[in-house]
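*Asks:* Before we start, here is the structure in question, set down as structure tokens.
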Amino acid sequence: MRKGLDQVRLTGHLPGLDGVRGLAILMVMAVHFVGDATARTAAERLVVKLASYGVLGVDLFFVLSGFLITGLLLDAKNSPHYFRDFYARRTLRIFPLYYLVLATLFIVLPRIGALTPALEEARERQVWLWTYTVNFYIAAKSSWALTYFSHFWSLAIEEHFYLLWPLVVFGFRREALERLCAFVIVGGAALRLALAAAGVSELSISVLTPCRVDALCVGALLAVLSRRADRGQSLVRESGRAALYLGGLIVAISTWCALMKTGLPLLHQIRSSLYSLFFGALSLLSLRSPRHLVARVFQGRMLRFFGKYSYGLYVYHGLLTWYFLERRMGDRIGAALGHHSLAIAVTAAFGIGASLVIAVLSYEMFEKRFLQLKRFFEAGHELAAPAAAPRIAGVPEP
């Protein structure tokens, strides 16, 4: 390491990544509570357009998940209970809330009263949700066809990754794993380009697991490289410059798309790959010393707070979005206030606030009970040694 430069910690609990997770969930909520609003004025159109980029929060989740999961697996690779511990911990984090929501809406609620038309439609196709295959259903329909639960597509992709990636990490040496990640990154982009050239809809491409695994592998590759003595610190030091270069390319392509409006399906797929690389650089940037402004923002309390409850926020906010739509909440608030722009702001604030209250209560009163059991599945738990191997805490869901 160069003299005068901070040594950045790349294992253990990394507060900056909690903040990255918080940014990701705020972006996703922005697109659903603001980006889907009907704009009537130039100012509203600008705000709605900016909020619509919140859809990229899912890409950020994927990159972050690839980084955290791969790091966790690499650090635990020599554990005698490598598979048991990983799958048990993922099960305790993901399944209780996920299946509680499905059981409540599809089993309990129908016994209490009639479901809304949108919920009843989802209930008729619930098998796609119970089996984590909803993304394939959406791709086949080429529309957000599963009302109330269409946002679960990304949870399905995450679950496919959790299921298969431990086998890959266990079976490959680190050098081979680096090459595999690079191959998947290039291959995923090539697959999206091929499907776009063949006329497959952008929506279908965006929700298929093989077309999105490259974002996960961007994070995975960075996790592998960061554990090399000769690369980890330099990756973090160069992350700011990389983010600027990649951001410039993204702006250039976006400008071309806006002005020329040619080759859009192909250019959008190229831009998607650049977004993943940009978010990889941004994630590394969050690990730098708090003396750096960007790192200080990510390590601040606000983003880390939202990151802590990001899984519940993701699950519940999508349900509330559909509920607001069915109840025409935006129109009702607009009629009550008599001001459309203010109605958009109030609806968004109410939606985010309600999602946060529900997510916090869910985490503190329900999810935490299962999370406490994860301590029985930590590397070295059964040993008498005073300390276990370092682990990366927290995995983003989505």
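*Asks:* Looking only at the stretch 287-304, count how many residues are open to solvent by 90 Å² or more (accessible area, probe 1.4 Å), at pLDDT 95 or above and part of a loop (DSSP other than H, G, I, E, B).
*Replies:* Total satisfying the criteria: 0.
*Asks:* What is the one condition in (1) closer than 30 Å to Val224 by Cα; (2) open to solvent by 20 Å² or more (accessible area, probe 1.4 Å) that Gly54 does not satisfy?
*Replies:* If we test Gly54 against (1) closer than 30 Å to Val224 by Cα; (2) open to solvent by 20 Å² or more (accessible area, probe 1.4 Å), just (2) comes out false.
*Asks:* Follow-up question, since we're still on this one. Just checking, which of Leu284, Leu249, Leu222, Leu274 is over 21 Å from the mean Cα position of the chain (by Cα) and at pLDDT 95 or above?
*Replies:* From the options Leu284, Leu249, Leu222, Leu274, the qualifying one is Leu249.
*Asks:* Among the residues of the stretch 233-252 satisfying the criterion of being surrounded by 15 or more Cβ atoms within 10 Å (Cβ to Cβ) and of a type in the set (Val, Ile, Thr), which is nearest to Ala156 (Cα to Cα)?
*Replies:* Checked the stretch 233-252; the qualifying residue nearest to Ala156 (Cα to Cα) is Ile250.
*Asks:* Starting from residues that are of a type in the set (Gly, Ala, Ser) and part of a loop (DSSP other than H, G, I, E, B), keep the ones in the stretch 34-49 and report whichever is surrounded by the fewest Cβ atoms within 10 Å (Cβ to Cβ).
*Replies:* Filtering first and then ranking leaves Ala39.
*Asks:* Something else: Name the pairs: first residue in the stretch 108-134 and within 14 Å of Trp153 (Cα to Cα) and open to solvent by less than 40 Å² (accessible area, probe 1.4 Å), second residue not small (Gly, Ala, Ser) and not in a helix (DSSP H, G or I), Cβ to Cβ under 8 Å, at least 6 apart or on different chains?
*Replies:* Within 8 Å, the pairs are Ala122/Leu146; Ala122/Thr147; Ala122/Tyr148; Ala122/Phe149; Leu129/Leu146; Leu129/Phe149; Val134/Leu146; Val134/Phe149.
*Asks:* I would also like to ask the following. Inside the stretch 368-398, can you point out the residues that are under 21 Å from Arg84 (Cβ atoms), modelled with pLDDT of 50 or more and open to solvent by less than 80 Å² (accessible area, probe 1.4 Å)?
*Replies:* Correct list: Phe370, Leu371, Leu373, Lys374, Phe377, Glu378, Ala379, Gly380.
*Asks:* Restricting the search to the stretch 204-232, which residues are under 14 Å from Leu72 (Cα atoms), open to solvent by less than 10 Å² (accessible area, probe 1.4 Å) and touching a Lys or Arg at 6+ places or on another chain (Cβ under 7 Å)?
*Replies:* Within the stretch 204-232, Val224 is the sole residue that qualifies.
*Asks:* Here are some residues: Thr255, Thr262. Which one is at pLDDT below 95, open to solvent by 20 Å² or more (accessible area, probe 1.4 Å) and of a type in the set (Ser, Thr, Tyr)?
*Replies:* After ruling out the rest, the residue left standing is Thr262.
*Asks:* Determine whether the stretch 336-353 contains at least one residue that is part of a helix (DSSP H, G or I), hydroxyl-bearing (Ser, Thr, Tyr), open to solvent by less than 30 Å² (accessible area, probe 1.4 Å) and touching a Leu at 6+ places or on another chain (Cβ under 9 Å).
*Replies:* Scanning the stretch 336-353 turns up no residue that is part of a helix (DSSP H, G or I), hydroxyl-bearing (Ser, Thr, Tyr), open to solvent by less than 30 Å² (accessible area, probe 1.4 Å) and touching a Leu at 6+ places or on another chain (Cβ under 9 Å).
*Asks:* Now, a different point. For the structure I just gave you, tell me whether Ile157 is modelled with pLDDT of 95 or more, closer than 22 Å to Phe370 by Cα, open to solvent by less than 40 Å² (accessible area, probe 1.4 Å) and within 20 Å of the chain's Cα centre (by Cα).
*Replies:* Criteria not met by Ile157.
*Asks:* Please count how many residues of the stretch 305-319 are open to solvent by 50 Å² or more (accessible area, probe 1.4 Å) and of a type outside the set (Phe, Trp, Tyr).
*Replies:* 1
*Asks:* Right, something else. Counting only residues that are touching a helix residue (DSSP H, G or I) at 6+ places or on another chain (Cβ under 7 Å), give me the helices (runs of 4 or more DSSP H) lying completely in the stretch 55-116 with at least 3 of them.
*Replies:* Counting at least 3 such residues, we get 57-75, 82-103.
*Asks:* Something else now. Can you find, within the stretch 320-335, the residue that is most open to solvent (accessible area, probe 1.4 Å) among those that are of a type outside the set (A, V, I, L, M, F, W, C) and within 19 Å of Leu119 (Cα to Cα)?
*Replies:* In this case the residue turns out to be Arg328.
*Asks:* Determine whether Val31 is β-branched (Val, Ile, Thr) and open to solvent by 30 Å² or more (accessible area, probe 1.4 Å).
*Replies:* So Val31 does not fit the description; no.
*Asks:* Can you give me the number of residues within the stretch 177-196 that are without any contact (Cβ under 8 Å) to a residue 24 or more places away in the chain and farther than 13 Å from Val213 by Cβ?
*Replies:* Of the residues in that region, 3 qualify.
*Asks:* Could you tell me whether Gly16 is assigned to a helix (DSSP H, G or I) and either modelled with pLDDT of 95 or more or touching a Lys or Arg at 6+ places or on another chain (Cβ under 8 Å) (or both)?
*Replies:* For Gly16, the condition - assigned to a helix (DSSP H, G or I) and either modelled with pLDDT of 95 or more or touching a Lys or Arg at 6+ places or on another chain (Cβ under 8 Å) (or both) - is met.
The values are calculated or read from the model by the stated rules, or taken from the named source; none is laboratory data. Predicted model only: the values in this text are computed from it and were never measured. Note that each Cβ is placed from the backbone with ideal geometry, even for glycine, and that neighbours are counted across all protein chains shown. For accessibility, only protein heavy atoms count, side chains too; no ligands or nucleic acids. Shrake-Rupley method; radii C 1.70, N 1.55, O 1.52, S 1.80 Å.
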